[in-house]
1. Could you tell me which residue of region 113-123 is nearest to residue 148 (Cα to Cα), considering only residues that are in contact with a Pro (Cβ under 8 Å, 6 or more places away or on another chain) and part of a helix (DSSP H, G or I)?
2. State whether one or more residues within region 152-159 are assigned to a loop (DSSP other than H, G, I, E, B) and either surrounded by 17 or more Cβ atoms within 10 Å (Cβ to Cβ) or touching a helix residue (DSSP H, G or I) at 6+ places or on another chain (Cβ under 6 Å) (or both).
3. Kindly establish whether residue 175 is buried (at least 19 other Cβ atoms within 10 Å of the Cβ) and closer than 23 Å to residue 63 by Cβ.
4. Exactly one of (1) at pLDDT 95 or above; (2) surrounded by fewer than 19 Cβ atoms within 10 Å (Cβ to Cβ) is unmet by residue 112. Its number?
5. If residue 63 satisfies every condition in (1) under 16 Å from the mean Cα position of the chain (by Cα); (2) modelled with pLDDT under 95; (3) not polar (S, T, N, Q) but one, which is the exception?
6. Tell me whether region 70-84 contains one or more residues that are hydroxyl-bearing (Ser, Thr, Tyr), within 18 Å of the chain's Cα centre (by Cα) and not in a helix (DSSP H, G or I).
7. Report the residue count in region 182-197 for those that are loosely packed, with under 15 Cβ neighbours inside 10 Å and outside any loop (DSSP other than H, G, I, E, B).
8. Tally time: how many residues in region 198-217 are in a helix (DSSP H, G or I) and touching a residue at least 40 places away in the same chain (Cβ under 8 Å)?
Amino acid sequence: MAKLYLQRHLKSQWNMEDRFAGWTNAPVAKESLKTSKDVAQKLMGQPIDIVFTSPLMRNMQTVVEIFNNFEDGKYPFFINLDGGKMQEWGNFEDIGDKDVNTYVSEKLNERYYGELQGLNKAETKKKYGEDQVKLWRTSYTDAPPKGESGEDVYNRTVPFFKEYIEKELINGKNILVVSSHHPLRSIIKCIENIPTERMGEVEIPFAGLVKYEFDGKYHKV
């Protein structure tokens, strides 16, 4: 039975500062790097054939940190699905049997927060009002100014999931997806057929892991 692992990234510096990180390229916080071994431990020994992630630094760093803590010598080889030059992460000079293809696409980026991006959340509440900010953060259909709604994220993430990731699961491959909160929630909504009105119940903590087995249907582990 094929395996699907949905891994949320380690906490970034902007997450630590309680900012709307969105599409900004804040790195993983130094404090979070200390927990990378614990994150990798949950995946240690699990079969991983292919990895999917986004080009955001916190997601790619999390992939690297996970593999750095594996004991089998495997390492990610990043491949850009969106075209253009890939950031030079991983072992590009000597690709061997232990290099794991890691496909990178902006379709797996975090929700774009528009005019809120980079703002401290407490300061944003003062500026726009607590109720309005709560609506932007929790509503599935309401988007912040010039940003994306949860529905917008679903509409770009799920077609990608079905075209690239689910296809590999059907072929029996074991897949690790390292991404941000909203793309992972969108995948879970699709897999578990969660009604829109219940999306507020779907929460994945930083560095959280959700596992499924796939035999034509998804089974949560």
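The values are calculated or read from the model by the stated rules, or taken from the named source; none is laboratory data. Everything numeric here is computed off the predicted structure, so don't read it as measured data. Here the Cβ positions follow ideal geometry from the backbone for every residue, glycine too, while neighbour counts run over all protein chains shown.
1. First pass over region 113-123, keeping only residues in contact with a Pro (Cβ under 8 Å, 6 or more places away or on another chain): 113-116.
Now narrow it down to the ones that are part of a helix (DSSP H, G or I): 114-116.
Working: 114: 7, 115: 11, 116: 11 Å.
Here the answer is 114.
2. So in region 152-159, the residues assigned to a loop (DSSP other than H, G, I, E, B) come out as none.
No, region 152-159 has no match at all.
3. On the way: buried (at least 19 other Cβ atoms within 10 Å of the Cβ): yes; closer than 23 Å to residue 63 by Cβ: yes.
In short, yes.
4. So the condition that residue 112 fails would be (2).
5. It fails just one condition, (2).
6. Of all residues in region 70-84, those hydroxyl-bearing (Ser, Thr, Tyr) come to 75.
From what's left, within 18 Å of the chain's Cα centre (by Cα): none.
Checking region 70-84: not a single residue is hydroxyl-bearing (Ser, Thr, Tyr), within 18 Å of the chain's Cα centre (by Cα) and not in a helix (DSSP H, G or I).
7. Going through region 182-197 one residue at a time, the tally reaches 3.
8. Our first condition is that a residue be in a helix (DSSP H, G or I); within region 198-217, this holds for 198-201.
Now drop any that are not touching a residue at least 40 places away in the same chain (Cβ under 8 Å), which leaves 199-200.
The number of residues fulfilling the criteria is 2.
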